[in-house]
1. Return the residues of the range 160-172 that are open to solvent by 30 Å² or more (accessible area, probe 1.4 Å), more than 12 Å from LEU213 (Cα to Cα) and in a loop (DSSP other than H, G, I, E, B); say none if nothing qualifies.
2. Could you look through the range 361-392, keep only residues that are among the charged types (D, E, K, R) and open to solvent by 40 Å² or more (accessible area, probe 1.4 Å), and pick out the one that is nearest to ASN342 (Cα to Cα)?
3. Look through the range 56-108, keep the residues that are touching a Lys or Arg at 6+ places or on another chain (Cβ under 7 Å) and of a type in the set (A, V, I, L, M, F, W, C), and return whichever of them is surrounded by the most Cβ atoms within 10 Å (Cβ to Cβ).
4. Give ALA140, ALA93, ALA128 a once-over and let me know the one that is closer than 20 Å to GLY161 by Cβ and of a type in the set (A, V, I, L, M, F, W, C).
5. Sort out which residues of the range 66-86 are under 16 Å from ALA128 (Cα atoms), of a type outside the set (A, V, I, L, M, F, W, C) and part of a strand (DSSP E or B), and write them in order of number.
6. Tell me yes or no: at least one residue of the range 261-268 is at pLDDT 95 or above, more than 24 Å from GLN192 (Cα to Cα) and outside any helix (DSSP H, G or I).
7. For the range 362-384, which residues satisfy the criterion of being free of Cβ contacts under 8 Å to residues at least 24 places away in the same chain and under 15 Å from GLY319 (Cα atoms)?
8. What pairs come out if I take residues in the range 38-62 that are among the β-branched types (Val, Ile, Thr) and pair them with residues that are assigned to a helix (DSSP H, G or I) and open to solvent by 20 Å² or more (accessible area, probe 1.4 Å) whose C-beta lies under 8 Å away, six or more apart or interchain?
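The values are calculated or read from the model by the stated rules, or taken from the named source; none is laboratory data. Bear in mind the structure is a predicted one, so any value in this text is a computation, not a measurement. Note that we place each Cβ from the backbone using ideal geometry, even for glycine, and neighbour counts take in every protein chain shown. The accessibility values were calculated without ligands, DNA or RNA, using every heavy atom of the protein model including side chains. Shrake-Rupley method; radii C 1.70, N 1.55, O 1.52, S 1.80 Å.
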Amino acid sequence: MPLKGSYALFLVALFQCRFLGFAILDPVDFLALQSIKKSLRDLPASNFLASWDFTSDPCNFAGVYCESNRVVALNLGDPRAGSPGLTGRIDSAIGKLSALVELTIVPGRIYGPLPVSISQLKGLRFLAISRNFISGNIPATLGQLRRLKTLDLSYNQLTGGIPRSIGTLPELTNVILCHNRLSGSVPLFRSQVLSRLDLKHNALSGWLAPNSLPASLQFLSLSWNQLTGPVDKLLFRLNKLNYLDLSLNRFTGPIPGRLFSFPITNLQLERNFFSGPVQPADQVTIPTVDLSHNRLSGHISPMFSTVQNLYLNNNLFTGEVPASFVDRILSARIRILYLQHNYLTGIEINPTAEIPLRSSICLQYNCMVPPVQTACPLKAGKVKTRPVAQCNHRKG
């Protein structure tokens, strides 16, 4: 009676490995790799799977890395930039590779759900399947991967919520779920080593509790969601941040002045409902600060004059622009100063002053006639001065 194909190939490979003195791959891993290959195909111009000839040692296959007789890393697809990647589904046999520590799939056209069987990979530390067409929910059983450090499922078509179990993983350092269709609330993250959390471009909603994110965070992006409520108490704790983007949400309440002393290189808080005055304690050294399209009020703090690219437009700021801004704009130390669509009443600058070519200042639609004229963004409109009635109402 003839042997079945998969087992026959395993025997051939076993004989060759013994004959040539190679280590013998665990038969469970061998059969799992066969199932994985059957569910995948190279996209045109890709030949990644050409080396997956099961009459030879699988540990020599492209993207397969072994220790002793077990597969410990599986990197599916050519990692070089611009390579076309793979198409097909992720076979549930992936869960049979029980020694797997790393699983990555390069950008391509992998579709279908993420197999629940991945949750059987108890030693998995790195899971990255981005820029494909993975759909369905994130399995809640991923919370069983207690050694997982990096979870990157970005740029897919995932739906449903972020399982609370993900937030309980104790060793997580990177969570990247951006550019999906995820909804519901942001779970509580308990890992005290989490440094990167990127959830932008989803449909997440709800409030963020003051203790919902760990103080270890260095990169936080929640932009393009529907998140609401105040975040001042939460932000007050995150003093290791070097990147913060909360733009295009519905956050409310004040912006804590302490935030501007953090080691941030890019601060994006635009298009929310933040309100009240903004008072940094010291000169702000963040290169780019965008607080535009909020409900911020009061006088503009001179502490912002050290920012290279400052967007305060479309708020409720009143009073005169501090003189320190004038000195820095004329010396080209400020590149962008957008103050349009506020209620500002003046700026002490000579109308004949020449604005450096590499600097841009927009003052239109305030409670003053702009003394200098530079190119404003098209969205600022053509009206130079706010109607007097609006300015008088604001004074009142």
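1. The answer is GLY161, PRO170, GLU171.
2. For the range 361-392, the residue satisfying everything is LYS384.
3. Among residues in the range 56-108 that are touching a Lys or Arg at 6+ places or on another chain (Cβ under 7 Å) and of a type in the set (A, V, I, L, M, F, W, C), the one surrounded by the most Cβ atoms within 10 Å (Cβ to Cβ) is LEU86.
4. So the residue among ALA140, ALA93, ALA128 that is closer than 20 Å to GLY161 by Cβ and of a type in the set (A, V, I, L, M, F, W, C) is ALA140.
5. Across the range 66-86, the qualifying residue is only ASN75.
6. The answer is yes; a qualifying residue exists.
7. Answer for the range 362-384, where residues must be free of Cβ contacts under 8 Å to residues at least 24 places away in the same chain and under 15 Å from GLY319 (Cα atoms): VAL369, PRO370.
8. Pairs that qualify, where the first residue is among the β-branched types (Val, Ile, Thr) and the partner is assigned to a helix (DSSP H, G or I) and open to solvent by 20 Å² or more (accessible area, probe 1.4 Å), are THR55/LEU9; THR55/VAL12; THR55/GLN16.
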